[in-house]
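*Asks:* Okay, handing you the structure first.
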Amino acid sequence: MYKSKENFEIQKKLTVIIVFLFLIKLTAWYYTNSVAILTDTLEYTINVISGFIGLYSLYLSAKPKDKNHPYGHGKVEFLSATIEGTLMIVSSFVILYEAINNLKHPHELKQLDYGIFLVGLTGIINYAVGHFSIKNGKKNNSLALIATGKHMQSDTYASLGIVIGLLLIYFTHYTWIDSVVAFIFALIIIVSGYKILRSSIAGIMDEADDELLEKMVGYCQAKRRENWIDLHNLRFIKYGGTLHLDCHLTIPWYFNIHEGHLEVDELEKIVKNNFGDSVELMVHTDGCLDFSCKICSKKECPMRKHEFVKTIEWTIENISLDNKHRIEK
């Protein structure tokens with residue numbers, strides 16, 4: 001909950017900055033009459049719209065769980081990112097149309113020096129703010145902040161290309177460069193929008209996150225206790241800034257409820273120490289079976305039926321399977 005509120009406050013500041021940068025871009029287009037700057041400004045209106053959508057999604061995400069939303073409201077962030085990615089792609093096709101139209105019907109450019117300065121300024125600010133947004137989005141598991149940051153950084157690259165194009169026009173007086181620059185960076189924005197859209201759909205569909213699983217496996221393997229005979233059926237589900245993790249932990253079958261709970265507490269400590277309070281952990285305990293003896297390194301086991309052979313190292317592949325680990329004959 002804390003991280004959701006923090007994400008909301010960050011998005012508020014980003015939205016204010018985005019509106020300010022939009023006004024600068026609008027001013028640059030007004031002074032230059034450049035179609036490249038116009039298309040950049042039109043594309044940036046998506047940033048403004050997405051900024052407010054992201055702000056609202058983070059407001060919902062920060063709301064506490066309720067009867068109708070027992071896992072919270074975090075999934076709305078994926079919807080926000082989906083809208084942003086879609087708008088980026090749609091705006092890119094508008095830019096392509098304007099660029100082609102300007103090649104057929106070119107118009108006079110003016111005061112390019114003003115445009116170069118203003119667009120360059122917005123590019124620098126965009127990159128710095130985008131980096132800040134992505135950094136905090138990754139830290140707080142917020143796809144909305146990551147999407148906003150990536151969008152702002154993609155605008156930086158577009159701004160850089162536009163500045164280069166405007167400089168070429170300024171020195172060569174070849175006005176057709178204006179449309180070519182707009183065309184090239186429309187394609188870049190399409191690619192960036194697709195990546196955001198792909199990531200958001202993956203979250204909605206609860207696609208496995210191999211990076212998160214690899215981190216989890218590494219932490220558990222490093223802190224593995226002898227009573228943890230195996231760990232399997234491990235899964236992550238993202239709910240905005242919250243990660244829901246569930247797994248099965250195999251422990252000696254003769255442990256009482258209190259002893260089993262202590263082992264779960266130790267696993268929870270490892271997860272919390274490495275992922276913070278943004279993780280909800282649900283652990284199902286399984287009792288070991290006869291075949292478990294061969295992979296159980298517990299030195300003093302009063303119920304051992306087979307000699308210990310070897311410990312099975314946990315990997316993404318075997319920790320995700322829904323069955324107890326064993327040595328195949």
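The values are calculated or read from the model by the stated rules, or taken from the named source; none is laboratory data. Owing to the predicted nature of the structure, the values given are computational and were not obtained by experimental measurement. Because the Cβ atoms are built from the backbone with ideal geometry, glycine has one as well, and the counts that use them run over all protein chains shown. Areas reflect the complete protein model, heavy atoms only, side chains present, ligands, DNA and RNA absent. Shrake-Rupley method; radii C 1.70, N 1.55, O 1.52, S 1.80 Å.
*Asks:* Contact list please: Cβ distance under 6 Å, first residue in the stretch 15-37 and surrounded by fewer than 23 Cβ atoms within 10 Å (Cβ to Cβ), second residue not in a helix (DSSP H, G or I), pairs at least six apart or on different chains.
*Replies:* Tyr31/Gln111; Asn33/Leu109; Asn33/Lys110
*Asks:* Only one of Leu160, Leu109 is modelled with pLDDT of 80 or more, out of contact with any strand residue (DSSP E or B) (no Cβ under 8 Å at 6 or more places or on another chain), under 22 Å from Leu23 (Cβ atoms) and of a type outside the set (Val, Ile, Thr). Can you tell me which?
*Replies:* Being modelled with pLDDT of 80 or more, out of contact with any strand residue (DSSP E or B) (no Cβ under 8 Å at 6 or more places or on another chain), under 22 Å from Leu23 (Cβ atoms) and of a type outside the set (Val, Ile, Thr) holds for just one of Leu160, Leu109, which is Leu160.
*Asks:* Can you go through Val119, Val76, Val90 and tell me which one is at negative phi and at pLDDT 85 or above?
*Replies:* Working: Val76 fails: at pLDDT 85 or above; Val90 fails: at pLDDT 85 or above.
Answer to the check: Val119.
*Asks:* For the stretch 273-284, give me each residue that is more than 20 Å from the chain's Cα centre (by Cα), closer than 19 Å to Ile319 by Cα and open to solvent by 60 Å² or more (accessible area, probe 1.4 Å). Steps first, please.
*Replies:* In the first step, residues of the stretch 273-284 are kept if they are more than 20 Å from the chain's Cα centre (by Cα); the result is 273, 281-284.
From the residues that got through so far, the ones that are closer than 19 Å to Ile319 by Cα too are 281-284.
Those that are more than 20 Å from the chain's Cα centre (by Cα), closer than 19 Å to Ile319 by Cα and open to solvent by 60 Å² or more (accessible area, probe 1.4 Å): Met282, His284.
Here is a yes/no grid of residues against (1) at pLDDT below 80; (2) over 20 Å from Ser92 (Cβ atoms); (3) aliphatic (A, V, I, L, M):
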{"residue": "Ile164", "(1), (2), (3)": "no, no, yes"}
{"residue": "Phe171", "(1), (2), (3)": "no, yes, no"}
{"residue": "Phe185", "(1), (2), (3)": "yes, no, no"}
{"residue": "Ser192", "(1), (2), (3)": "yes, no, no"}
{"residue": "Ile196", "(1), (2), (3)": "yes, no, yes"}
{"residue": "Ala202", "(1), (2), (3)": "yes, yes, yes"}
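*Asks:* Another question, then. Looking only at residues in the stretch 38-57 that are more than 29 Å from Ile100 (Cβ to Cβ) and among the hydroxyl-bearing types (Ser, Thr, Tyr), which one is surrounded by the most Cβ atoms within 10 Å (Cβ to Cβ)?
*Replies:* Out of the qualifying residues, it is Ser57.
*Asks:* In the stretch 285-306, how many are open to solvent by less than 50 Å² (accessible area, probe 1.4 Å) and not in a loop (DSSP other than H, G, I, E, B)?
*Replies:* 5
*Asks:* Would you mention how many residues in the stretch 161-186 are in a helix (DSSP H, G or I) and either within 19 Å of Lys104 (Cβ to Cβ) or not aliphatic (A, V, I, L, M) (or both)?
*Replies:* Total meeting the criteria: 17.
*Asks:* Here's something else I'd like to know. Go over the candidates Glu207, Glu214, Glu226 one by one and state the one that is modelled with pLDDT of 80 or more, among the acidic types (Asp, Glu), surrounded by fewer than 20 Cβ atoms within 10 Å (Cβ to Cβ) and not in a helix (DSSP H, G or I). Outline the logic, then answer.
*Replies:* On the way: Glu207 fails: modelled with pLDDT of 80 or more; Glu214 fails: not in a helix (DSSP H, G or I).
The unique qualifying residue is Glu226.
*Asks:* On to the next question. Out of the stretch 125-138, which residues are free of Cβ contacts under 8 Å to residues at least 12 places away in the same chain and not basic (Lys, Arg)?
*Replies:* Ala128
*Asks:* A further question on this structure: Which of the residues spanning the stretch 93-147 are surrounded by 14 or more Cβ atoms within 10 Å (Cβ to Cβ) and hydroxyl-bearing (Ser, Thr, Tyr)?
*Replies:* Tyr114, Thr122, Tyr127, Ser133, Ser142
*Asks:* Sticking with this one: Go through (1) modelled with pLDDT of 85 or more; (2) in contact with a Ser or Thr (Cβ under 8 Å, 6 or more places away or on another chain); (3) under 18 Å from Glu9 (Cα atoms) one by one and return the number of the condition Gly149 breaks.
*Replies:* (1)
*Asks:* Six or more apart or on different chains, Cβ atoms under 8 Å: show the pairs whose first residue is in the stretch 213-239 and without any contact (Cβ under 8 Å) to a residue 40 or more places away in the chain and within 23 Å of Leu262 (Cβ to Cβ) and whose second is in a strand (DSSP E or B) and open to solvent by less than 70 Å² (accessible area, probe 1.4 Å).
*Replies:* Going by the 8 Å Cβ cut-off, the qualifying pairs are Trp228/Leu249; Trp228/Thr250; Trp228/Ile251.
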